[in-house]
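S.K.: Just dropping this structure here.
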Amino acid sequence: MLTEDFVLDMGQSAVPPIHGRDAAVLQTSRSLEGVTSVHQAHQPEFELKGDVALVTWAMHDRIVRGPGQPSITIYGYHRDRWVRRGGEWKLAELRLSMLQVDIQPDQSSHEKNPKRNEESRRSK
């Protein structure tokens, strides 16, 4: 699905663009280890130019880390560049743009047992 020369650019983060499919997959796997992540992309806008497709997606990310660590919600978009090689479409580049990043304090105790937490709020 990714070209060998794939580029992953996380946008405004401290991570410089990652060049190469294997390096991008390794870095992404490491950064998501032990994390619950939901990445949603919506409303794609396509621009076709022969064997290149440029796609812009509105996106929403929710990243929940382990106990004692903050959770992150990201709103923004990503721009993809797909190329057709040998009759197959492959993703050659993905660039994130973060419009808003919300950091929430550790909520692990609330997320584990929402029913218990609701009962404790009622008893106060």
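Every residue, every condition in (1) more than 14 Å from the chain's Cα centre (by Cα); (2) in a loop (DSSP other than H, G, I, E, B), yes or no:
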site	(1), (2)
ALA53	yes, no
ILE63	no, no
GLN69	yes, yes
TYR75	no, no
HIS78	no, no
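S.K.: Right, another one. Scan region 23-42 residue by residue and report those that are under 16 Å from ALA92 (Cα atoms) and touching a residue at least 12 places away in the same chain (Cβ under 8 Å).
M.R.: ALA24, VAL25, THR28
S.K.: Checking the condition closer than 22 Å to GLN100 by Cβ and either without any contact (Cβ under 8 Å) to a residue 24 or more places away in the chain or surrounded by 12 or more Cβ atoms within 10 Å (Cβ to Cβ) (or both), which residue from LEU48, LEU2, LEU8, LEU54 passes?
M.R.: Answer to the selection: LEU8.
S.K.: A further question on this structure: Which count do you get for residues in region 13-51 that are charged (D, E, K, R) and assigned to a strand (DSSP E or B)?
M.R.: Number satisfying all stated conditions: 3.
S.K.: Take the residues in region 74-104 that are among the aromatic types (Phe, Trp, Tyr) and within 20 Å of VAL38 (Cβ to Cβ), then tell me which one is surrounded by the fewest Cβ atoms within 10 Å (Cβ to Cβ).
M.R.: TYR75
S.K.: So is LEU96 touching a residue at least 60 places away in the same chain (Cβ under 8 Å) and under 14 Å from the mean Cα position of the chain (by Cα) or not?
M.R.: yes
Where a number appears in this text, it was derived from the coordinates with a stated rule and is not lab data. From a predicted model like this one, the values you see are computed outputs, not experimental measurements. Neighbour counts run over all protein chains shown; Cβ positions are idealised from the backbone, glycine included.
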